[in-house]
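Worksheet for the structure shown next.
The values are calculated or read from the model by the stated rules, or taken from the named source; none is laboratory data. Since the structure is predicted, the reported quantities are computational estimates derived from the model, not experimental observations. Cβ atoms come from the backbone with ideal geometry, glycine included; neighbour counts cover every protein chain shown. Note: accessible area is taken over every heavy atom of the protein model, side chains too, but ligands, DNA and RNA are not part of it. Shrake-Rupley method; radii C 1.70, N 1.55, O 1.52, S 1.80 Å.
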Amino acid sequence: MSVRTRRTSFPEVVIERETDTEESSDEDEEEEEEEVEEDVVESDDHDEIENQNGKDDGGELSAADNKGKTPITISLKKVCKVCKETGHQAGFQGATYIDCPMKPCFLCKMPGHTTVNCPHRVAMEFGVIPASRKRTHNSLDYVFERQVRSGVPAIKPAFVIPDKVTCAVIRYHSRRVTCLEFHPTNNNILLSGDKKGQLGVWDFGKVYEKTVYVNIHKALLNNMKFSPANDGTVYTASSDGTVSCTDLETGLSTSLMDLNPNGWQGRNSWRMLYGMELNAEKGLVLVADSFGFLHMVDARANSKIGDSILIHKKGTKVVGLHCNPLQPDLLLSCGNDHFARIWDMRRLEAKSCLYGLPHKRVVNSAYFSPLSGSKIVTTSIDNRIRVWDSIFSNLDTPSREIVHSHDFNRHLTPFRAEWDPKDSSESLVVVGRYISENYNGTALHPIDFIDISTGQLVAEVMDPNITTISPVNKLHPRDDVLASGSSRSLFIWRPKIEYEKVRAKVKSKIMVCNSKNKKKLGDESDNGDDDSGDDFSSKKEWHNVCGDVLHSVAVCR
DNA sequence: ATCAAATGCGCCC
DNA sequence: TGGGCGCCCTTTGA
């Protein structure tokens with residue numbers, strides 16, 4: 001690091017420099033700091049001077065108030081951007097992120113180590129709390145035991161992991177994807193909601209057939225569910241405070257509820273809808289708002305049922321609702337008051353919850369297991385997936401806590417661990433990962449498949465072209481297909497063998513969605529360069545061409 | 001290239 | 001108990 005010195009008549013500038021990175025090869029740099037003088041542009045009223053040395057980010061600056069001859073001290077010492085201390089730095093070194101050692105581990109939140117050497121990073125097989133075997137003879141025992149217990153097979157089948165991107169739509173939504181839902185009967189239709197409130201309908205079997213309905217909501221489309229009575233109809237709940245019922249053919253929607261009939265009256269009164277669930281037996285649409293209340297709408301009569309019920313701490317968001325698949329009167333809710341709660345719909349009133357499942361922080365999602373409904377998986381932003389093996393057991397503590405990085409930055413859609421509805425053993429769960437891993441020099445955020453019965457990481461799925469985080473994931477109800485929402489884009493993954501089949505089929509059929517790229521795409525498809533396997537010619541191309549069939553992956557604008 | 005903005009939530013006073 | 005402030009691996013597009 002060379003030091004330049006000039007004489008001026010202007011205030012002396014003291015620059016503190018960091019030298020420890022150079023391992024003292026210079027003999028004259030025994031001191032950690034040196035004093036030099038530098039030019040300072042004259043100005044009348046500068047309290048601060050911007051550090052113009054862009055490369056030295058993290059450089060700290062302080063300046064004397066007076067414009068006279070008092071020294072101005074500019075510190076070029078490298079400070080940690082996390083804790084502002086010197087002597088270490090947090091941030092990416094290449095594709096590896098180095099944690100600040102002064103903070104608790106970013107992954108498991110325990111002090112004494114960083115993510116780099118966190119034991120949970122090496123092998124995520126730490127069920128930190130053993131499964132409880134104690135029976136509690138609670139009110140649920142007798143009601144559901146007989147219906148449910150027999151439905152849980154003891155033998156775990158081999159997991160099939162969809163780990164190859166077979167098609168993708170990038171720049172499909174204009175804002176980040178918030179939720180996904182597969183069509184209940186048509187195997188190739190994927191619905192997606194986004195932060196703007198738009199609803200996408202994508203036939204990923206035909207890749208380029210897609211529709212985006214833009215007028216259904218005005219704010220985040222937080223949750224959607226297909227009507228059990230009519231699979232051409234979908235209900236959506238939004239941060240604009242409305243529930244809509246939309247016909248997928250026409251895009252026509254009717255509003256079932258509007259929590260803000262008087263429009264915008266300020267931040268404190270604007271009500272947003274998050275959790276949503278349908279109770280098919282009763283023909284009810286259940287929604288929960290950002291103030292802790294549950295609302296019920298009769299889907300057929302399109303009329304509100306009863307009063308709103310406070311089901312979580314007043315003033316907090318209720319982000320998830322789920323009815324038990326075998327006993328729909330059993331409702332599971334979760335929210336920002338750090339609780340997941342189990343309710344009996346037949347006697348539902350404030351504080352009537354059967355159980356409160358405490359978490360350390362906000363609970364992003366809570367789901368009963370999809371077949372027997374006897375297990376519960378929750379995702380909390382304390383970086384833990386919690387598992388209750390049986391709702392008949394002692395629910396005071398979870399059977400397992402699985403450390404997993406999904407504590408999110410405010411700009412992301414919250415991560416939710418989602419069951420594999422095809423797994424008869426009800427142990428496979430998919431969840432996006434927040435922290436990245438260095439894969440051959442690229443920082444990628446995999447989508448993790450976790451066996452919640454052991455806490456074991458079964459598979460981590462990633463594609464070198466997907467550098468964005470994938471917080472939204474959904475496994476197909478019948479096929480071995482994974483759908484992911486990552487930023488604005490949607491991806492369909494299949495197991496390798498399926499991928500090969502799709503690829504062979506698609507190769508013979510060149511699809512062009514974007515005329516701008518027609519020629520380029522034609523070239524791409526003509527050269528028959530499919531030996532490059534799964535890699536695209538370049539990341540840039542994959543994203544920028546935005547076009548269509550690159551090898552077998554279709555990307556549509 | 002660089003930068004601001006969009007934002008949710010935890011924590012502090 | 002509530003308002004204000006600040007933020008550790010974002011993403012986008014101006």
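Rg of the Cα atoms in the stretch A:420-496, relative to 2.2 N^0.38 Å, amounts to 1.09. Taking the square roots of 5 times each eigenvalue of the Cα gyration tensor of the stretch A:330-427, largest first, gives ellipsoid semi-axes of 21, 18, 12 Å.
Applied to the stretch A:164-169, the Karplus parametrisation 6.51 cos²θ - 1.76 cosθ + 1.60 on θ = phi - 60° returns per-residue 3J(HN,Hα) values of 10, 6, 9, 7, 8, 10 Hz, with x for Gly and Pro.
Using a simple spin-label model with pseudo-atoms 7 Å out from Cα toward Cβ, A:Glu349 and A:Lys81 lie 5.4 nm apart.
Report the net charge of residues surrounding A:Pro414, where surrounding means a beta-carbon distance below 13 angstrom and charges are Lys +1, Arg +1, Asp -1, Glu -1. Once all neighbours under 13 Å are counted, the net charge is +3. Per residue, the accessible area of the stretch A:252-368 comes to 45 Å², computed with a 1.4 Å probe over protein heavy atoms only.
Summing charges over neighbours of A:Phe226, with a neighbour being any other residue whose Cβ is under 13 Å away from its Cβ, gives -2 when K and R count +1 and D and E count -1.
Shape summary: the stretch A:366-515 maps onto an equivalent ellipsoid whose semi-axes, from the alpha-carbon gyration tensor, are 30, 19, 13 Å in decreasing order. Hey, any idea what % of the stretch A:349-392's accessible area is carbon plus sulfur with a 1.4 Å probe? So the carbon and sulfur contribution to the accessible surface is 55 percent. Using the Cβ of A:Val387 as centre and a radius below 9 Å, the other residues enclosed give a net charge of +1, where K and R count +1 and D and E count -1.
Gain on full extension, evaluated as 0.36 nm per residue between A:Lys314 and A:Asn302 minus their Cα-Cα distance, stands at 1.7 nm. Among the trypsin sites (Lys or Arg not before Pro) within the stretch A:305-358, those in coil by DSSP and having at most 15 neighbouring Cβ atoms inside 10 Å are A:Lys313, A:Lys314, A:Lys351.
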